[in-house]
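Everything below concerns the one structure shown next.
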Ligand SMILES: [Zn+2]
């Protein structure tokens, strides 16, 4: 979904996500690496010269494997949106490098901002490095399967630091 920045009115553009189109779901799935069931929220797009600012809030309900117990579980992720976009063409190479280090600043090419990329980026930023049933935003009150019973059946997909693994091994032998 390409947004022509020339068509952003002075008072800004409001986009609601109550009646969600497939591209929004797809964009959210790219960012969240899970099956997105529902999206709600709204975005405000403002233009200040060549700077495009996107604010508002966007949440997604998704089903994704828990990084702790491997169960497919319902999560709710997202939150406030605070993203800025500057024209890629105008940025000098050094500037680009600087801004690439800043997660909240993206680029647009020509006179269009890709809203799908905005949605993907927002949700990618909202995704914790480890998404578990203990995380804030998990939709159920507790893990459906205790980690201890599961741990004995499957290998931990996120092994601890190998230095600690050595310590653990030594302790067992003592
Ligand atoms: Zn879990």
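The values are calculated or read from the model by the stated rules, or taken from the named source; none is laboratory data. Keep in mind the model is a prediction, meaning the values are calculated, not measured. No Cβ is skipped: glycine too gets one built from the backbone with ideal geometry, and neighbour counts run over all protein chains shown.
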Just to verify a result, which residue in the stretch 72-82, among those that are under 21 Å from residue 13 (Cα atoms) and surrounded by fewer than 18 Cβ atoms within 10 Å (Cβ to Cβ), is nearest to the ligand (Cβ to nearest atom)?
79
Return yes when residue 39 is over 15 Å from the mean Cα position of the chain (by Cα) and crowded, with 18+ Cβ neighbours inside 10 Å and no when it is not.
no
Restricting to the stretch 57-71, count the residues that are assigned to a strand (DSSP E or B) and near the ligand (Cβ under 10 Å from one of its atoms).
1
Taking the conditions exactly as written (surrounded by fewer than 11 Cβ atoms within 10 Å (Cβ to Cβ), at pLDDT below 90, within 16 Å of the ligand (Cβ to nearest atom) and farther than 30 Å from residue 13 by Cβ), does residue 93 satisfy them or not?
no
Are there any pairs, at least 6 apart or on different chains, whose C-beta atoms fall under 8 Å, with the first in the stretch 122-150 and closer than 13 Å to residue 73 by Cβ and the second at pLDDT below 75 and within 14 Å of the ligand (Cβ to nearest atom), and if so, which?
132/143; 133/140; 133/142; 133/143; 133/144; 134/143
Quick check on the stretch 44-52. Is at least one of its residues more than 16 Å from the ligand (Cβ to nearest atom), buried (at least 18 other Cβ atoms within 10 Å of the Cβ) and more than 18 Å from residue 121 (Cα to Cα)?
yes
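Output yes when any residue across the stretch 11-18 is in a helix (DSSP H, G or I) and exposed (fewer than 15 other Cβ atoms within 10 Å of the Cβ), and no when none is.
Scanning the stretch 11-18 turns up no residue that is in a helix (DSSP H, G or I) and exposed (fewer than 15 other Cβ atoms within 10 Å of the Cβ).
Is it true that some residue in the stretch 16-34 is more than 26 Å from residue 109 (Cα to Cα) and within 16 Å of the ligand (Cβ to nearest atom)?
There is at least one residue in the stretch 16-34 that is more than 26 Å from residue 109 (Cα to Cα) and within 16 Å of the ligand (Cβ to nearest atom).
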